[in-house]
Amino acid sequence: VATFSIATSESYYNSRGERIEDTQWHNMVAWGRPGEVAAQYLKKGQEVAIEGKLIHRSYETGSGETKYITEININSILMLGGKKSA
């Protein structure tokens, strides 16, 4: 299994002409071959296309607090382009 996060970003201009950048982070879980590919080949900043399904689950912390999490269970990974240059 491989677990990691990816970011999706979009930018737009608001009514005052200001550029707005919105970034969302997503938790990924990859089992089997997609997990092997992710662990071996993916690097920070690399563009990828992910196909999978959303999984919603909850768990209880040691202090009894219930936490909720949404993950994407990956079916396939397609590597796009190279690493972003900073």
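Key figures for this structure:
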read-out: Single condition G45 does not satisfy, out of (1) modelled with pLDDT of 90 or more; (2) under 16 Å from the mean Cα position of the chain (by Cα); value: (1)
read-out: Selection from the range 12-31 of residues that are among the hydroxyl-bearing types (S, T, Y) and either closer than 24 Å to L42 by Cα or open to solvent by less than 60 Å² (accessible area, probe 1.4 Å) (or both); value: T23
read-out: Residues of the range 51-68 that turn out to be assigned to a strand (DSSP E or B) and either modelled with pLDDT under 95 or loosely packed, with under 10 Cβ neighbours inside 10 Å (or both), as a count; value: 10
read-out: Meets criteria (assigned to a strand (DSSP E or B), out of contact with any helix residue (DSSP H, G or I) (no Cβ under 6 Å at 6 or more places or on another chain), open to solvent by less than 50 Å² (accessible area, probe 1.4 Å) and of a type outside the set (D, E)) for V48; value: yes
read-out: Residue pairs meeting the criteria (Cβ under 6 Å; at least 6 apart or on separate chains; first closer than 21 Å to H26 by Cα, in the range 59-70; second open to solvent by 90 Å² or more (accessible area, probe 1.4 Å)); value: T66/E60; K67/Y59; I69/R57; T70/H56
read-out: Residue check for S76: over 12 Å from the mean Cα position of the chain (by Cα) and in a loop (DSSP other than H, G, I, E, B); value: no
read-out: Tally of residues being under 13 Å from the mean Cα position of the chain (by Cα) and of a type outside the set (A, V, I, L, M) across the range 49-73; value: 6
read-out: Matching entry among S5, S11 (being part of a strand (DSSP E or B) and free of Cβ contacts under 8 Å to residues at least 12 places away in the same chain); value: S11
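The values are calculated or read from the model by the stated rules, or taken from the named source; none is laboratory data. Keep in mind that this is a model prediction, so the values were computed, not measured. Heads up, the Cβs are rebuilt from the backbone with ideal geometry, glycines too, and the neighbour counts pull from every protein chain shown. SASA here: full protein model, heavy atoms, side chains in, ligands and nucleic acids out. Shrake-Rupley method; radii C 1.70, N 1.55, O 1.52, S 1.80 Å.
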